[in-house]
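Trainee: Below you'll find the structure I mean.
A short reminder: the numbers here are calculations on the coordinates, not readings from a lab. Computed from a prediction, not measured in an experiment: that's the story for all the values here. Note that we place each Cβ from the backbone using ideal geometry, even for glycine, and neighbour counts take in every protein chain shown.
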Amino acid sequence: MVSFIIVNYKSRQYLENCINSITEIVSSTPFEIIIINNSPEENLLKLKKGKENVIIIDNQNTGYSSGCNLGAKLAKGDLLFFLNPDTILLNDFFPTLFEYFRNKNFGAIGLKLYNQHKEFQISFGRYPTIIGEIKNKKIKNAFRKGKQQIIKEIESNYQYKPSIVDWVSGAALIIRKSVFEQVGGFNERFFLYYEDADLCKRIAELGLKNYFFPFSNIIHLEAENIRDNFSEIYIYAKKSQLEYYKLHNGILQTVLLRIYLSFKFGLKYLLSFNKINLKLLAISFGLKND
């Protein structure tokens, strides 16, 4: 059984399409859909109408990681499928996935995503070390700018079989419940962002491999639901980045990252006097930014 776990935060307009795509597409395996509603002011009960296998839990927003962990505790399936609400499933890929991983002791499985134009979207990368993030950012910028030669080359390199990768995106991530519990779930010190890379890092430390699975077709409307709160989201991203470095990359890389971020946001503040950059500067120094 597969337990879909979706953490909702002010994404009701996307969530309905996501749920409908699951119930309409997935026919090869039994499943349940657990929605952790981190914005309880949004009434989601109508989304459950006529769908007995949909569970909705209203929850105070203590972060994405916390919401996922709550969903995992409630899950009855032996496979957990963490899925963003701004996604739409286009194919039932479970028979292929089960066949490939039947005899493999895998960690996390990341799925193939496309943007709203059905163009390949990068959903895996190198571990977030300083060198790794430079390479990740270079690839991400190429995708953001629509550099088709690079996009098609990467897609081609990963399209024929599941590939071992460092980390996979939590936007669409499958993991056995037993492994998720063994590794301790998502680290709730990550309110938002880097929780997937941290999970994959800890999985690898158990001796398991993380895979990118290329045979799924999932639309991911990346960032469509956070545009209005970009500054707040970016602050969480920088906090999580520094947290990841402290946990996994040692003192030297953490200090180098703080120096880089301090210079970056200090210069931006001097040029714009934008209070957001002042908050980010405080975070870079490890100060409170309230």
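Trainee: Taking region 35-144, which GluC sites (Glu not before Pro) meet the DSSP loop condition and have no more than 12 other C-beta atoms within 10 Å?
Mentor: Passing sites in region 35-144 are Glu41, Glu52.
Trainee: How many percent of DSSP beta bridges within the chain run antiparallel, rounded to 5?
Mentor: Just about 45 percent of them are antiparallel.
Trainee: With +1 on each Lys and Arg Cβ and -1 on each Asp and Glu Cβ, how big is the dipole of region 124-220 about its Cα centre, in debye rounded to the nearest 20?
Mentor: Around 400 debye, computed over region 124-220.
Trainee: What's the extension gain from Glu188 to Lys275 if we count 0.36 nm per residue and subtract their Cα-Cα distance?
Mentor: 28.6 nm
Trainee: Can you tell me, using C-alpha contacts under 8 Å and at least 6 residues apart, the relative contact order of the chain as a whole percent?
Mentor: Reported as a whole number, the value is 21 percent.
Trainee: I'd like the orientation of helix 195-205 relative to the chain: the angle between its Cα long axis and the longest Cα principal axis, in ° from 0 to 90, rounded to 10.
Mentor: 80
Trainee: Going by amide H atoms built from the backbone, whose H comes under 5 Å of the H on Tyr114, apart from near neighbours?
Mentor: Here the answer is Gln121, Ile218, Ile219, His220, since their amide H atoms fall under 5 Å of that of Tyr114.
Trainee: Moving to a separate point now. On a straight-distance basis, which aspartates and glutamates could pair with Lys76 in a cross-link, Cα separation under 18 angstrom, same-chain partners fewer than 8 positions away excluded?
Mentor: Those aspartates and glutamates meeting the cut-off are Glu32, Glu52, Glu181.
Trainee: Also, I was wondering about something else. Counting C-alpha atoms alone, how compact is region 228-284: give Rg to one decimal and Dmax as a whole number, in angstrom.
Mentor: 11.7, 35
Trainee: Further, regarding this structure: Report, as a whole number in µm² per second, the diffusion coefficient that Stokes-Einstein gives for region 2-220 at 10 °C and 1.306 mPa s using the Kirkwood radius over alpha carbon pairs. Display every interim value, and only then the final one.
Mentor: Numbers: Rh = 17.7 Å.
Translational D for this selection: 90 µm²/s.
Trainee: What are the semi-axes of the equivalent ellipsoid for region 176-290, taken as the square roots of 5 times the Cα gyration tensor eigenvalues, largest first, in whole Å? Write out the running numbers ahead of the final one.
Mentor: Numbers: eigenvalues 183, 76, 28 Å².
In descending order, the three semi-axes are 30, 19, 12 Å.
Trainee: Then there is this: If you bin the C-alpha pair distances of region 87-162 every 10 Å from 0, what whole percents do you get?
Mentor: The percentages, shortest bin first, are 15, 42, 33, 10.
Trainee: For region 61-153, what is the charge dipole size about the Cα centre, in debye to the nearest 20, if Lys and Arg each add +1 at the Cβ and Asp and Glu each add -1 at the Cβ?
Mentor: The dipole magnitude comes to about 440 debye.
Trainee: Please work out the Cα center distance from region 1-80 to region 254-290, rounded to the nearest Å.
Mentor: 36
Trainee: Follow-up question, since we're still on this one. Based on other C-beta atoms within 10 Å, arrange Val168, Val183, Val54, Val255 from fewest to most.
Mentor: Val255, Val54, Val183, Val168
Trainee: Related question: So, with +1 on the Cβ of K and R and -1 on the Cβ of D and E, and no other charges, what is the size of the charge dipole of region 228-284 about its Cα centre, to the nearest 20 debye?
Mentor: Taking the Cα centre of region 228-284 as origin, the dipole is about 160 debye.
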